[in-house]
Amino acid sequence: MKLRKVTAASAAVLALALSATACGGDSKDDSSGSGSSGGGKIKIGIKYDQPGLGLKEPDGSFSGFDVDVATYVAKQLGYEPNQIEFVETKSADRENALARGDVKLIAATYSINDERKKKVDFAGPYLLAHQDLLVKKDSKISEATDLNGEKLCSVTGSTSAQNVKDDFAPKAQLKQNSGYSECIAALQSGAVDAVTTDDSILAGFAAQDKYKGQFKLAGLKLSNENYGIGVKKGDTATLNKVNAALEKMVSDGSWQKAVDDNFGPAGYKNEPAPKVGVIVK
Ligand code: GLU
């Protein structure tokens, strides 16, 4: 009898408290991450093998510019760092990972282009990079035309591999891996003559202790790579929030801090902050 004495007023207070927790804002990290949406966690796709951009460290933590952008954006969406679950999204998997709902957002050196826009929506851009070549220090390769007949490594599902086939070096012997770290290892061993992708990525590898002094970037701006944050096609509410977060990240100085923290050590000279909604063709 005593138990049934819940008044309408106290029930309402209880309901309010429950819904406030479910909204995610400052709820505790009590989810195993198994929830697909809502339950206090957000899943974000990043790269795991790109130093300076998206890297899973040996201790299980994550570092890089994309990680910092993702963490800032998540905070604006109401998620603390301990509510983020980073998931590896390799270049060829990104569209499917969003379509399947494996992740809510992707911040993984993900260039905005018309082909991809058929399948996903992009917030941003938040960085402008350019395709370049990485070669051994003593290599004679200095132009894209030097690549014809040479062994060139890139990644399946990347704009970098597509551009080689379509434009720069259709006669190169293109080897495609699932990640850039495999290409860099192949360059070091001599299995390939050059690696091609965004200068931002190549600079990060070249600056790693284990490769210091071994490689050089050609310094060619072969393309414009406008990095966007991938969102499920049609999820306009999330898209708008992410765009607002990116604008704030630039205006409050956090974008520049992330640039300095992550690109400074590699000496990567990045382009100024892009304007949200403006793609450099
Ligand atoms: N930014 C390019 C792309 O989206 C190359 C880097 C990558 O594969 O992530 O394809």
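Brief remarks follow.
- Among the conditions (1) more than 18 Å from I184 (Cβ to Cβ); (2) away from the ligand (no atom under 11 Å from the Cβ); (3) surrounded by 23 or more Cβ atoms within 10 Å (Cβ to Cβ), L127 misses just one, which is (2).
- Lone qualifier among K232, K269 - being among the charged types (D, E, K, R) and touching a strand residue (DSSP E or B) at 6+ places or on another chain (Cβ under 8 Å): K232
- Number of residues in the stretch 47-93 that are within 13 Å of the ligand (Cβ to nearest atom) and within 20 Å of V276 (Cβ to Cβ): the value is 3.
- Residue check, G228 more than 16 Å from the ligand (Cβ to nearest atom) and outside any helix (DSSP H, G or I): no
Residues are listed down the side, and each one gets a yes or a no for (1) modelled with pLDDT of 95 or more; (2) within 28 Å of F62 (Cβ to Cβ); (3) among the aliphatic types (A, V, I, L, M):
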position	(1), (2), (3)
R100	yes, yes, no
L127	yes, yes, yes
H130	yes, yes, no
K136	yes, no, no
S154	yes, yes, no
Q173	yes, no, no
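- One residue stands out in the stretch 188-213 among those that are hydroxyl-bearing (S, T, Y) and assigned to a helix (DSSP H, G or I): the one that is farthest from the chain's Cα centre (by Cα), namely S189.
- When residues in the stretch 115-124 are screened for being within 13 Å of the ligand (Cβ to nearest atom) and surrounded by 15 or more Cβ atoms within 10 Å (Cβ to Cβ), 4 of them pass.
- In the stretch 148-173, the qualifying residues are those that are among the hydrophobic types (A, V, I, L, M, F, W, C) and part of a helix (DSSP H, G or I), and the one that is farthest from the ligand (Cβ to nearest atom) is F168.
- Of the listed requirements (1) in contact with an Asp or Glu (Cβ under 6 Å, 6 or more places away or on another chain); (2) of a type in the set (S, T, Y); (3) away from the ligand (no atom under 13 Å from the Cβ), T145 misses just one: (1).
- Cross-chain or 6+ apart pairs with Cβ under 7 Å, the stretch 245-273 first and more than 15 Å from I201 (Cα to Cα) and in a helix (DSSP H, G or I), then among the polar types (S, T, N, Q) and at pLDDT 95 or above: A245/Q76; K248/Q76
- The one condition in (1) part of a strand (DSSP E or B); (2) within 25 Å of L98 (Cα to Cα) that K216 fails to fulfil: (2)
- For the stretch 96-114, filtering for residues that are surrounded by fewer than 20 Cβ atoms within 10 Å (Cβ to Cβ) and either within 12 Å of the ligand (Cβ to nearest atom) or free of Cβ contacts under 8 Å to residues at least 40 places away in the same chain (or both) leaves 4.
The values are calculated or read from the model by the stated rules, or taken from the named source; none is laboratory data. Bear in mind that the values here come from a model prediction, so they are computed numbers and not experimental data. A quick note on method: Cβ atoms are made from the backbone with ideal geometry, for glycine too, and the neighbour counts reach across all protein chains shown.
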